[in-house]
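Notes follow once the structure below has been shown.
The values are calculated or read from the model by the stated rules, or taken from the named source; none is laboratory data. What you see is a predicted model, and the numbers here were worked out from it, not measured in a lab. Neighbour counts run over all protein chains shown; Cβ positions are idealised from the backbone, glycine included. Heavy atoms of the whole protein, side chains included, go into the accessibility calculation; ligands, DNA and RNA do not. Shrake-Rupley method; radii C 1.70, N 1.55, O 1.52, S 1.80 Å.
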Amino acid sequence: MAITEDAPPGAQAGPADAPSGEEGRRLSSPLVLTLILLLAVIAQSPIRGLLGTPLMQSWMTVFVAVTVQALPFLVLGVLLSAAIAVFVPPSFFARALPRRPALAVPVAGVAGAILPGCECASVPVAGALVRRGVTPAAALAFLLSAPAINPIVLTATAVAFPRDPEMVLGRFLASLLVACAMGWLWQRLGRTDWLRPPAHGAHEGATKGEAFWNSVRHDTMHAGGFLVLGAMAAATLKAATPADWLRTAAGNPVFSVLALAVLAVLLSICSEADAFVAASLTQFSLTAKLVFLVVGPMIDLKLFAMQAGTFGRTFALRFAPATFAMAVAGAVLTSAVLL
């Protein structure tokens with residue numbers, strides 16, 4: 001004890017100072033931005049030459065067109081979904097839904113048509129419904145239908161496909177059919193031990209104003225980032241992929257459907273913007289594009305992660321593959337009737 005008390009005040013400061021030194025060596029965001037801008041200035045001549053090539057000009061044209069068209073719908077969808085998630089009490093849904101699960105499923109599915117919201121908002125809302133006693137089958141039907149058939153998404157689809165108005169009706173019917181089918185399937189085959197109800201809401205404890213703006217910032221960053229990635233992927237497919245490859249892929253009905261279904265999962269585009277990306281894939285048939293529009297809002301990479309975080313990995317590993325197969329089948333069936 002005496003040795004410890006007689007030690008110099010700075011004798012044990014080395015380890016305590018280590019984290020401070022590590023923090024001092026970390027790259028902060030302003031420093032990274034400054035370095036990127038400096039590199040851009042130094043390499044401006046090669047960059048200018050690269051951007052002047054016909055390939056890059058074609059790439060930039062598609063990228064800017066998809067982004068500019070989709071951005072207003074994305075912003076409006078984020079604002080409306082945040083308002084609903086924060087200001088509409090979850091108990092409202094519990095009171096509005098029928099007590100019988102078989103009837104609650106289609107009612108919850110249709111409710112998605114009048115409640116705008118993107119995928120990022122539908123998962124926590126569905127979690128809140130389950131937490132407040134709504135039957136999981138109905139909550140899952142709402143989770144799948146809300147991002148796909150709400151007015152913002154359908155309006156964006158009509159704008160993206162002005163010469164194919166049947167795409168709007170096809171998207172609505174196919175998405176609602178799949179949402180209800182998955183709800184009924186869960187009611188019949190789902191087990192309570194597969195579903196882990198969320199313990200609390202994402203914004204509980206904050207004021208409504210704080211929760212609203214937190215939700216807006218969160219969804220804008222996530223959905224905006226995925227929109228940019230989706231626009232980049234669409235531009236790359238359009239400008240860099242050999243036309244013969246796209247014609248070959250689009251010419252095979254089965255392969256084109258599966259290709260755009262997998263692409264929808266990988267791109268993870270917000271539902272307010274995916275119609276513009278689908279419309280830019282002009283080589284593919286309307287059936288393949290409809291599959292893209294039905295699959296994307298129901299299951300993609302970010303949705304799988306959110307569902308696993310909200311309801312548990314056991315649930316997501318069973319629900320995601322079934323949703324993918326049901327969405328592809330529902331879109332193809334609807335296309336055979338309407339398109």
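Per the conditions (1) under 24 Å from GLY312 (Cα atoms); (2) modelled with pLDDT of 90 or more; (3) of a type in the set (Val, Ile, Thr), the sole criterion not satisfied by VAL134 is (2).
Within region 143-168, the residues that satisfy the criterion of being open to solvent by 10 Å² or more (accessible area, probe 1.4 Å) and in a helix (DSSP H, G or I) are PRO151, ILE152, LEU154, THR155, ALA158, VAL159, ALA160, GLU166, VAL168.
Quickly run through region 277-308 and pick out the residues that are modelled with pLDDT of 90 or more, part of a helix (DSSP H, G or I) and open to solvent by less than 10 Å² (accessible area, probe 1.4 Å). If the condition is that a residue be modelled with pLDDT of 90 or more, part of a helix (DSSP H, G or I) and open to solvent by less than 10 Å² (accessible area, probe 1.4 Å), then ALA278, ALA288, LEU290, VAL291, PHE292, LEU293, VAL294, VAL295 are the ones that fit. Within region 296-323, residues that are without any contact (Cβ under 8 Å) to a residue 40 or more places away in the chain reach partners that are buried (at least 20 other Cβ atoms within 10 Å of the Cβ) and polar (S, T, N, Q) with beta carbons closer than 8 Å, at six or more positions or on different chains, in the pairs GLY296/SER268; GLY296/SER271; ILE299/THR323; LEU301/SER268; ALA316/GLN307; ALA320/GLN307. Among the candidates HIS203, HIS222, the residue that is over 19 Å from the mean Cα position of the chain (by Cα), under 27 Å from GLY127 (Cα atoms) and at pLDDT below 75 is uniquely HIS203. Considering region 313-339, and only residues there that are surrounded by 21 or more Cβ atoms within 10 Å (Cβ to Cβ) and aromatic (Phe, Trp, Tyr), the residue that is nearest to THR192 (Cα to Cα) turns out to be PHE315. Name the residue that is least open to solvent (accessible area, probe 1.4 Å), counting only residues in region 258-273 that are β-branched (Val, Ile, Thr) and either assigned to a helix (DSSP H, G or I) or in contact with a Cys (Cβ under 6 Å, 6 or more places away or on another chain) (or both). Only one residue fits best here, namely VAL265.
Taking LEU185 and the conditions (1) modelled with pLDDT under 90; (2) surrounded by fewer than 24 Cβ atoms within 10 Å (Cβ to Cβ), which numbered condition does it fall short on, given that it satisfies the others? Going through the list (1) modelled with pLDDT under 90; (2) surrounded by fewer than 24 Cβ atoms within 10 Å (Cβ to Cβ), LEU185 breaks only (1). Total residues in region 237-257 satisfying the condition of being assigned to a helix (DSSP H, G or I), polar (S, T, N, Q) and over 23 Å from PRO321 (Cβ atoms): the figure is 1.
Looking at region 113-122, is at least one residue touching a helix residue (DSSP H, G or I) at 6+ places or on another chain (Cβ under 7 Å), at pLDDT 80 or above and open to solvent by less than 30 Å² (accessible area, probe 1.4 Å)? For region 113-122, residues touching a helix residue (DSSP H, G or I) at 6+ places or on another chain (Cβ under 7 Å), at pLDDT 80 or above and open to solvent by less than 30 Å² (accessible area, probe 1.4 Å): present. Would you say THR135 is surrounded by 24 or more Cβ atoms within 10 Å (Cβ to Cβ) and hydroxyl-bearing (Ser, Thr, Tyr)? No; evaluated as a whole, the condition is false for this residue.
For the list (1) open to solvent by less than 40 Å² (accessible area, probe 1.4 Å); (2) within 26 Å of PRO89 (Cβ to Cβ); (3) under 15 Å from the mean Cα position of the chain (by Cα); (4) at pLDDT below 80, I need the number of the one condition that ALA211 fails. In the conditions (1) open to solvent by less than 40 Å² (accessible area, probe 1.4 Å); (2) within 26 Å of PRO89 (Cβ to Cβ); (3) under 15 Å from the mean Cα position of the chain (by Cα); (4) at pLDDT below 80, ALA211 misses (3) alone.
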